[in-house]
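Below you'll find the structure, written out as structure tokens, and then a few comments.
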Amino acid sequence: MSEYSRTASLQSDLPGSRIPWAVEFELTTRCNLNCRHCHINQPAADKRARESELSASEILDIAAEAINLGTLWCLLTGGEPLLRDDFEAIYIGLKKAGLLVSVFTNATCVQSAHVDLFRKYPPRDIEVSVYGTTPQTYEAVTRVPGSHARFLAGMARLREGGIPMRLKSVLMQSNVHEHAEIARFCRRHTKDYYRFDPHLNLRFDHDPVRNQDILAERLTADQMVAIEREDPERIEALCKGADTLIGEDFAGIQCDHRFHCGAGQDGFTIGADGTLRLCSSLWAEGTTYDVRHGSVADAWNRFIPQVQDQRSRCISFLETCHRCPIVNLCMWCPANAHLETGDMDAFVPGFCEQAHKRVEGVGHVRKCLHD
């Protein structure tokens, strides 16, 4: 679903009255894979990326500041977080600080030492991305020979060590033909539920070559709707939520705030270089904060409310996406609009087409069920 949820209230509380329950740490932008769709990855040996990363002590200091504000949970992601030589020190430090810790990984770097670590200090969750069930499909996505075998070996180590996993996938042209097999594989091995993402973000660094790869991998609106219709859990959730996801009363909104979403409402993202963002996708100028030269308290109590209070002067935005009754079925949000166009207030035709196709898909299924 879109992060642009009209059900999320605008921030109007007094400074200090909100609580950042969750913090996401991007430990690195480096990755050992070279996935066609990735919006952030740099090569595993990239010297500049490594040198820009927060140290373990900086990460733990930031976490301590967040805990003082009420944070209970954190996510460790990347890039591939297990590439960090000091991953164990970071993980143990966060656990000993009292945080619930989740880890996102591609599993290809999982070794016995990681399994021992997770058995001694159990994570809240470990989520593993599944790009294909065959070597040909998996490696068409990752572009790294042998990565499928390493993925299976890493998963096997976690499973044999009794570490529960939640499996997920990102669907694109290179693997959509295996979607049914991927879904069966994930549901067979996941601890509770399987989810998939049909949307591919463009690059945060605006790399034109990599962005062309991403655009070429995106599913069409018809493909996306067809897949959602075929997935019983997905379509059931969409049908059940349709009455709240489609809100005709949105058309009456007169407010000119840019943000009506959950960005910065109950947490934030810390980039590998110490850039604090209201959500993982929001990189627009004027919406990021250098926590290395500030403090988490200042960002949370002063900076984030200022960003949330930004107003739009774009009439076309205020009279279209801002007041659209199906925006919660759309991939549109200020962050995604900025990645697509360089403008947080921009209309994105492809997103609009997908949203209307989704409405048609939900309506078709509900009619069939009713008949």
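All of the numbers you see were taken from the coordinates with simple rules; none came from a lab. Everything numeric in this text was worked out from a predicted model, so none of it was measured. All Cβ positions, glycine included, derive from the backbone under ideal geometry; neighbour counts span all protein chains shown.
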- prompt: Within the chain, what is the number of lysine pairs with alpha carbons under 27 Å apart, leaving out pairs fewer than eight places apart on the same chain?
  reply: 14
query: What ranking do 52-65, 208-221 get when scored by the average of other Cβ atoms within 10 Å per residue, highest first?
result: 52-65, 208-221
- request: Please find the FRET efficiency linking A64 to F204, where r is the Cβ-Cβ separation and R0 is fixed at 25 Å, and quote it to the nearest 0.05.
  value: 0.40
- request: Name the long-range amide H neighbours of L276: under 5 Å, sequence gap of 5 or more, or other chain; modelled H, no Pro or chain starts.
  value: G271, Y289, D290, V291
message: I need the phi-derived Karplus couplings for the stretch 304-317: 6.51 cos²θ - 1.76 cosθ + 1.60, θ = phi - 60°, integer Hz, Gly and Pro marked x.
response: 4, x, 5, 5, 4, 8, 4, 10, 9, 10, 8, 4, 4, 5
query: Using modelled amide H (1.01 Å from N, peptide plane; none on Pro or chain starts), what sits under 5 Å from the amide H of C31, excluding residues fewer than 5 places away?
result: Q42, A44, E80
query: Quick one: what Rg and Dmax do you get for the chain from the alpha carbons, in Å?
result: 20.6, 61
message: Please list, ordered by chain and number, the residues whose modelled amide H lies under 5 Å from the amide H of L75; skip anything fewer than 5 residues away on the same chain.
response: V23, E24, F25, S102
